[in-house]
Amino acid sequence: MKIQLLNKKGTDIHEGMMGLFFEDINYAADGGLYAEMIENRSFEFLRATGTNSAYMQEYDGGYGWSKYPEECPFVAMEYRTAHPLTEENPHYLHFRSVRPECGFANKAYDGIFLKKGEHVRVSFYANALDYCGILKLRVMKEGDSFLGADIAIGAPNGHNTATESDIRITDCHDGWKHYELLLTAQATVRAASFVIILEDAGEMEFDCISMMPESAVCGIFRKDLAELLKGLRPGFLRFPGGCIIEGNDLNNRYQWKKSVGDITRRKANWNRWAVHENGRKNNYTSRYAHYNQTLGIGYYEYFLLCEYLGAKALPVVNVGLACQYQSEELVQVEDPRFQEFIQDALDLIEFANGSTDTAWGALRAEMGHPEPFGLELLGIGNEQWETEKVDFFRRYTLFEEAIHAKYPEIKLIGSAGPDVHTERYEAAWNFYHTAAKEKDNFTYAVDEHYYMPPEWFFANTHFYDEYPRDVKVFSGEYAAHPKRMGGMRSGNTLEGALSEAAFLTGVERNADVVIMASYAPLLARVGYVQWAPDMIWFDAETAYGTPSYYVQKMYSLNMGSYTLPVEAELPENIYASASYDAKAEEPILKLVNASKEAFSFEPEVEGSRIDTVVATSLGGDELYAYNTIEAPKKVAEKEIVLSGDECKSITIPAHTFAVYRFLKK
C-alpha cells in the first residue's frame, strides 16, 4: 500500500519537545549519576523506617564503614560531634588504634570498580590529634587474601609499592586539615573497598572522605551515564523529582537552598524512597532504609548538567505540601510559614538569573558561574491535586501572582495530578482552562502523568486529538508497565517500547497542544530499585539503555520542525506520524508495526522524488525481549541506507519501530 506525506505544513513542533525527567529514585543520584564512589562520606546517614502514619529515622553514621582488618580487636571507631568540621553535618569519625597497620574501610555500594590507568582524586579532612606518621590509602579486594598487588591506585611520594599511596601527617594537634591527591589505578578491579590505614598506632579524626574519577563530566557526573543522557539530545531537564520534592513529611522535602554552596555544608537528608512500600510484611523496613541524599548533586549542579546537555532547566518547587500519597501534612496558606515557600521560589529564580550584586546571584558566582543560567521554566508543585483538605488551586494561584509580579517572563508548569481519566484530573483541567480565559500567562503547560499497560498506549494514540488548545500539555511522566514482568529489569520490554512509540505518534501529531514530553523514571541502579520500568540501567561498571531509551532517542533526534499530513489507510496495529525538518530540508516518517507480520509500503513525498532513505529501526522477533548488563544491546537501534529501487517499496518487520528520513537529492 502507499503511504504519502503531503506537502502541506501542519502544526509547528515545539523545539526541544522531548526532554528528561530526573528523580532521585533507584539510587539515581548518590550511587548513580553523582560520580562520588564513597558511600556515606561524611558519616551522616540516617536509617529510615516506618510507614505513612509514623516515619522514624535513627542516626547510623557508621553505615558503609567497618574496621580494617575487620576482625581487628585493637580499633575503636566512634562518631562524634564535639568539634565538627561544619555545623550542617556535625558528625565525624573518631578513630583510635593501639596497634600499627590498622584502619577502616568503606564498602562503596557494591564495591569500587576501576579500570587500569584510570585516574581518581581522593580527598578528605583530618584532625591528627596525637598521630604523626603515615596514612596508607588503598583500594583492596577481600578474598583468601588481600589482593593489593593487583588493585593498587598509584604510588606517589617515592614509594615503590604498587599497592598503596601514602600521606605523611605532620600537623598534629592543629585542627581540621584538607588533604587531596590524584591516584592512578595500576590494575582493573571490581567490587573493591576503599581503605585508610594508619602505619603506626594512634588517634585521628576524619570527615568528608571522597573518591572521584577524573573522568567525571564537569567533575561531577558519572561519565557513561552523562553520555547516555547527552545522546538523547534532550530539550529540557526537569529536576530533582518527583516525590522527593514534597517529602514523606515536610522536614524530609527537598530544600534547594540546602543543596548549594560548599559540599561540606550541604545538610544530608534521608530519601523519601527509603520507606517505599514499607509495611507489616517487611516489618516496616527495607534494604533501602539507608537511602540518603548527600546533595552532592544540588541545584547548582543540575543547572550545570543542563548546560552540558544543551537542555533548558525545569526545576520544581514545593508548595507547602508533603507527598499526598504518603502524608496529610501541609502548611496552611494563612500561616506565615507559607510565604517561605513562595520566597524559596523567588530566590531560586534569583539564584539562576540574578546579577552578581544580588544575594543569590552572588552565591552562584562564588560557586563558579557568574553568568546567569537563563532559567525560563519553573514547576509549581510536583504531582498535586485538589481535595477537601488540600487547596492546591489556591496555592498555585498565590505562587503565580507572586512570581509573575516580579518575573513575568518565567513560564510556569502546573499539575494535573498523578493520573488521567479521573475526577481530580478533570477538576485540574477545569481550573486551568477557566484561569486561562482571564490571564494569558497563568500557566505555560500542565503536567500530566500516566503509567499504564502497553495496551493503553496502543489504544490511546488519539488521546490528544480532541484536547482544547488554549492550555498546553507537558506529558511529564509516562511509561508502559507490562503485566509480564519476571523481574525489575524485564519490565523494559520491546513490547512496552513499541507501545510508547505508537503513543508518541499521536503526541507528535498534536504538537500544537503537547509541547513537552519526558519518560519516567530515568535511572535505576541494579539491585537498588524501588520502581520499574526505567529508561537507563547501570551497575558499578556498566550502563545501558533500554528499548524505551532508544524510542526516546529516535524521537528526540527526529522530531522535525512541523508536522506533515499522512495520507494512507493504515491497517490495524500500524501507527504513523510525519514531520518536516526545515533545517535539513528532509521529510521524516515514523512508523510502528505492532503486528506479528511484516508490513510493506510504497513511500511517497508529494512533489518530490525519493532517491535515498535513511532508515533507523528498533525491533526484533521476541516481543518480550529486554536488555541486560550482560546483553546491553539485545534490543537497540539499527541504521541502514536505502537508495534507488530500494526506496520504491520498503518493508518494516513485525514488532518494529522505524524512522525514515527522505534525503534531499
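The values are calculated or read from the model by the stated rules, or taken from the named source; none is laboratory data. None of the values given here were measured: they were computed from a predicted structure. Positions of Cβ are backbone-derived with ideal geometry, glycine not excepted, and every protein chain shown enters the neighbour counts. In case anyone asks, the SASA skips ligands and DNA or RNA and just uses the protein heavy atoms, side chains included. Shrake-Rupley method; radii C 1.70, N 1.55, O 1.52, S 1.80 Å.
Solvent-accessible area of the chain (1.4 angstrom probe, protein heavy atoms only): carbon and sulfur portion equals 47 percent.
Listed peptides 611-621, 324-334, 635-645, 226-236 appear in the order 226-236, 611-621, 324-334, 635-645 once ranked by packing, highest mean of other Cβ atoms within 10 Å at the front. Taking amide H atoms as placed 1.01 Å from N in the peptide plane, the amide H of D200 lies under 5 Å from those of E101, I134, each 5 or more residues away in sequence or on another chain.
For segment 575-581, 3J(HN,Hα) computed residue by residue from phi via the Karplus equation (6.51, -1.76, 1.60; θ = phi - 60°) reads 10, 8, 8, 9, 8, 10, 8 Hz, glycine and proline entered as x. Spin-label model, R609 to E438: label points 7 Å out along the Cα-to-beta-carbon direction sit 6.2 nm apart. Can you pull the one-decimal nm distance between simple spin-label points at I640 and K223, each 7 Å off the Cα toward Cβ? Between I640 and K223, the label points sit 3.5 nm apart. Here the Karplus relation 6.51 cos²θ - 1.76 cosθ + 1.60, evaluated at θ = phi - 60°, turns the backbone of segment 293-310 into coupling constants of 10, 7, 6, x, 9, x, 5, 4, 5, 4, 5, 5, 4, 4, 4, 4, 7, x Hz, with x for every Gly and Pro. Listed by chain and number, the aspartates and glutamates whose C-alpha is less than 13 Å from the C-alpha of K2, apart from same-chain residues fewer than 8 away, are E567, E569, E602, E604, E606.
Which FRET efficiency value, to the nearest 0.05, do you get for S600 and K230 by plugging their Cβ-Cβ distance into 1/(1 + (r/R0)^6) with R0 = 45 Å? The formula returns an efficiency of 0.80 here.
Taking amide hydrogens as placed 1.01 Å from N in the peptide plane, the amide H of M535 sits under 5 Å from those of L522, L523, each at least 5 positions away in sequence or on another chain. Sparse packing (at most 12 other Cβ atoms within 10 Å of the Cβ) combined with a DSSP loop state is found for the following GluC sites (Glu not before Pro) in segment 376-430: E388, E409. Ordering L85, P69, V98 by the projection of their Cα atoms onto the charge dipole of segment 60-99, which places +1 on the Cβ of Lys and Arg and -1 on the Cβ of Asp and Glu, puts V98 at the extreme positive end. Taking the Cα centre of the chain as origin and assigning +1 to Lys and Arg Cβ atoms and -1 to Asp and Glu Cβ atoms, the resulting dipole is close to 860 debye. P(r) for the chain, from all Cα pairs and a bin width of 20 Å, is 18, 47, 29, 6, 0 %, short bins first.
Taking K and R as +1 and D and E as -1, what net charge do the other residues with C-beta under 11 Å from the C-beta of R253 add up to?
Working: positive: K258, R272; negative: E246, D249, E329, D344.
Charge balance near R253 sits at -2.
How big is D, in µm² s⁻¹, for segment 166-300 by Stokes-Einstein at 20 °C and 1.002 mPa s if Rh is the Kirkwood radius over C-alpha pairs?
Values: Rh = 19.0 Å.
It diffuses with D of about 113 µm²/s by this estimate.
What is the sum of charges around E334, taking Lys and Arg as +1, Asp and Glu as -1, for the other residues whose C-beta is under 15 Å from the C-beta of E334? Local net charge: +1.
So if I place +1 on the C-beta of Lys and Arg and -1 on the C-beta of Asp and Glu, and nothing else carries charge, what would the dipole magnitude of segment 35-103 be about its Cα centre? I want it in debye, nearest 20. Intermediate values should be presented prior to the final figure.
On the way: 6 positive and 11 negative charges, 41 e Å.
Around 200 debye, computed over segment 35-103.
Among the listed pairs K411/K483; K230/K583; K223/K406; K553/K664; K116/K633, those whose Cα-Cα separation exceeds 27 Å are K411/K483; K223/K406. Here the alpha carbons of segment 397-495 define both size measures, Rg and Dmax, at 16.7, 52 Å.
By the rule of a C-alpha distance below 18 Å, with chain neighbours fewer than 8 residues away ignored, the aspartates and glutamates paired with K439 are E400, E401, E409, D470. Of the peptides 492-500, 104-112, 45-53, 438-446, the ranking by mean beta-carbon count within 10 Å, highest at the top, reads 492-500, 104-112, 45-53, 438-446. For D447, the residues 5 or more places off, or on other chains, whose built amide H falls under 5 Å of its own are G414, S415, A416, F474.
Which whole-number value in Å² is the accessible area per residue of the chain, probe 1.4 Å? Mind dumping the intermediate values first?
Working: 26330 Å² over 665 residues.
That works out to 40 Å² per residue.
May I have the convex hull volume per residue, in Å³, for the Cα set of segment 343-410? Before the final figure, lay out the partial values.
Working: hull volume 6.3 nm³, N = 68.
Roughly 93 Å³ of hull volume per residue.
Simple spin-label estimate for L182 and S355 gives 3.9 nm between the two label positions (7 Å along the Cα-to-Cβ direction from each Cα). Secondary-structure-derived ellipticity at 222 nm for the chain, considering helices only, amounts to -5000 deg cm²/dmol, per-run term -39500 (n - 2.57) for DSSP H runs with n ≥ 4. A cut-off under 13 angstrom between Cβ atoms defines the neighbours of V75, and their net charge, with Lys, Arg +1 and Asp, Glu -1, is -2.
Residue-wise HN-Hα couplings along segment 635-642, as the Karplus relation 6.51 cos²θ - 1.76 cosθ + 1.60 with θ = phi - 60° gives them from phi, are 10, 8, 5, 9, 10, 9, 10, 9 Hz; Gly and Pro carry x.
Averaged over every viewing direction, what's the projected area of the C-alpha convex hull for segment 1-149? Give it in nm², one decimal, please.
In nm², the orientation-averaged hull projection of segment 1-149 is 20.3.
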